[in-house]
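Values in this text are rule-based calculations from the coordinates and carry no lab data. Just so you know, these numbers come straight off a predicted model, no measurement behind them. Don't worry about glycine lacking a Cβ; one is built from the backbone with ideal geometry, like all the others, and counts go over all protein chains shown.
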Amino acid sequence: MKATMAKIGQPVAVVRKAISYYLNMKNIILLLLAVFSMLSCRKEDTPPLVRIPVTNLSFTVDPTLQPGFEYYIPINGVRTNAMQLLDARGIDTSDIKRVMPGRARLSIIFAQANLDFIDAVSIRLCPLGQDQENCGQEAFYRDPVPLGTGTDIDLIPSNVEDLRGFVLPDQINVQVKLERLRNFPAGSFDILLDMEFDVRG
């Protein structure tokens with residue numbers, strides 16, 4: 001009887017060891033995932049070396065813009081003042097790993113209308129001398145623009161690796177691409193574009 005019990009106990013012990021090993025491995029994997037997640041969050045939460053503002057860029061829309069068409073609105077010869085800002089902060093370009101889109105907003109200068117006529121919009125950065133359709137690199141977008149939008153549209157940073165080639169030069173061209181319109185603009189009015197770019201080391 002004792003021999004029989006010993007034989008039965010051996011598989012049970014093996015099963016217990018296997019379960020214990022499995023649980024330990026599971027805990028280790030969960031711990032590693034948590035560590036990687038924390039490191040990733042810290043990297044994203046790290047403030048940039050400096051933020052480069054490119055602001056007060058104005059363009060005009062009017063009722064000739066029709067739904068069903070794409071419109072490319074150039075804003076050429078935009079000064080970034082990036083190098084002056086880096087010099088003032090004592091940052092050398094060799095310390096920069098990448099320049100990322102931070103935040104951007106479209107807003108109506110005088111609130112006589114709203115931006116609800118826009119269904120999808122994107123902002124592209126282009127080298128000086130280039131202003132053809134879809135030139136350069138997309139930096140921000142909003143698709144779709146929320147229904148009932150008023151006088152402001154907060155844009156979303158595009159998923160790009162590095163914009164230093166477009167942001168660090170003294171002058172660039174900016175292109176506003178109205179990708180889809182819901183309606184005609186309610187009159188002629190100016191729209192202001194403000195952007196900010198994060199310099200990361």
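Can you list the residues of the range 85-123 with backbone N under 19 Å from a point 7 Å past the Cα of E161, pointing along Cα to Cβ? Correct set: 94-102. Spin-label pair A120-R98: with each label point 7 Å from Cα along the Cα-Cβ axis, the two points sit 2.4 nm from one another. Calculate the translational D of the range 47-139 in whole µm² s⁻¹ from Stokes-Einstein, where the hydrodynamic radius comes from the Kirkwood formula applied to all Cα pairs, the temperature is 10 °C and the viscosity 1.306 mPa s. My calculation gives 99 µm²/s for D. The relative contact order of the range 54-181 comes to 41 percent, based on Cα pairs under 8 Å that sit 6 or more residues apart. Within the shell defined by Cβ-Cβ distances under 13 Å, the residues around E179 carry a net charge of 0, with Lys and Arg each +1 and Asp and Glu each -1.
Take the alpha carbon atoms of the range 164-201, find their center, do the same for the range 113-135, and report the distance between the two centers in whole angstrom. The range 164-201 and the range 113-135 have Cα centres spaced 6 Å from each other.
Seen from I91, the other residues with C-beta closer than 14 Å to its C-beta sum to a net charge of +2, counting Lys and Arg as +1 and Asp and Glu as -1. Put simply, the Cα atoms of the range 54-200 extend 47, 27, 24 Å along their principal axes, the longest span coming first.
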